[in-house]
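First comes the structure, then the notes that go with it.
Only the coordinates and a few stated rules stand behind these numbers; no lab work does. All values derive from a computational prediction rather than experimental measurement. Neighbour counts are summed over all protein chains in view; Cβ atoms, including those assigned to glycine, are modelled from backbone coordinates with ideal geometry.
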Amino acid sequence: MISEIEEHSKVTKPLGAYLIEAGTITPEQLEIALKKQNRSGKRLGTILVDCGWVKQQTIEYLMEKIVLPHRYKSETSKTEFNGNPHLTLIETVSNYPQTTSSSLGDLTIYLPPKKTTRFLVILVSSLVLCSLFLQFSIYFLPDYFLRDTLAPVFNIDKEQNIPTLYSWSALLFCAMLLAIIAQAKKAVRDRHVNHWKLLAVIFAYLSIDEALSLHEKFIEPLRTSLNTGGILYYAWVIPGAIFAIAVFLRFLKFINVLPAKTKRLFLMAGAVFVGGALGMELLSGAYAELYTDENFVTAILTSIEEFMEMIGIVIFIYALLSYISSELKGINLQLRIADGKKSV
């Protein structure tokens, strides 16, 4: 059926033009599909269906109601358009209830793995550099307008500010992606669905912890009860290390069955994140006990720590988006706000 559509489209207007005009796909989706067509040699309609942007029934409907009537420009075409020659293409397609792509009331957001990762890397780097510059200005530059106001707002080591908002949002985004994958795996009864669910729960907790700084509230009680110092000055690293090791051992077999690229990215993300959260925290703790935590060297150590944590999460987001794109062939999510009443 798709083949027949595209044979007619070669003579008249291309299939992609009909789909864009109908609001069924976007120009960006068509561009991606055409690039895939150039590489694979597959038919455009097949690629669009495989990507999940259009249902095969939708393309068949376009052929019956629009492509063929436009091709032959006969009296039959007027009948197919319900006897109204002025009926628009969008109005015709909107009468078909099984289309899955964007209607006039839908909001579509695309998350290409590489572009999304590039944006996040730039955002993280900007936050860290901004924080570092403001800390430098406090210790070495004369006072200037709004310095004392902006410094805490962008201080990457403080709570309830812009970097904190980004960090817990990124962790929550990971939890959402993991929950989406878990739901997709549940639909096909994948035997590893519980691993995806548990990862989603873990990242949801990490998001809450980042937003409320829960682990930092244990520093003083643990330091007092365990009499820690030196690299264990920030005593939360003890339960933090135990938790990290337990999670690694729990998911080791699961990671080994993942595709090679996903496995490599998961391990890289974990190493960078834990290296920042625990490794740099040990170094910062030793320095803070010898000197103070209110100096520019501490600010540098903290910036490196937070940068590693943020980049680790960016790598993990890239791993999840790439996995969804390659292994699940992309996922379409729909949010429909309606009163539930049938239109007249």
Practice task
Please list the equivalent ellipsoid semi-axes of segment 192-265, computed as the square roots of five times the alpha-carbon gyration tensor eigenvalues, in descending order and whole angstrom.
Solution key: 30, 15, 10
Handout entry: Residues listed by number, segment 155-192, amide nitrogen under 15 Å from Ser213 label point at 7 Å toward C-beta
Key = 155-168
Completion exercise
Total charge of the residues flanking Asn227 in space, meaning their Cβ is under 13 Å from its Cβ, with Lys and Arg +1 and Asp and Glu -1, is -1
Fill in the blank from the handout: On each of the three principal axes the extent of the alpha-carbon atoms of segment 113-327, given in whole Å and largest first, is 61, 42, 26
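Within the set of other residues whose C-beta is less than 14 Å from the C-beta of Gly275, count the net charge using Lys and Arg as +1 and Asp and Glu as -1. Could the numbers behind the result be given before it?
Values: positive: none; negative: Glu281, Glu305, Glu306, Glu309.
So the environment of Gly275 carries a net charge of -4.
Where does segment 241-333 land on Rg(C-alpha)/(2.2 N^0.38 Å)?
Working: Rg = 16.7 Å, N = 93, 2.2 N^0.38 = 12.3 Å.
Output field value: 1.35.
Can you order the peptides 149-159, 242-252 by their average number of other Cβ atoms within 10 Å per residue, highest first? It would help to have the intermediate numbers written out before the result.
On the way: 149-159: 16.8, 242-252: 12.4.
Those peptides, ordered most packed to least, come out 149-159, 242-252.
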Practice task
Go ahead and collect, in residue order, the members of segment 268-308 whose backbone nitrogen is under 19 Å from a label point 7 Å along the Cα-Cβ direction of Ser325.
Solution key: 268-269
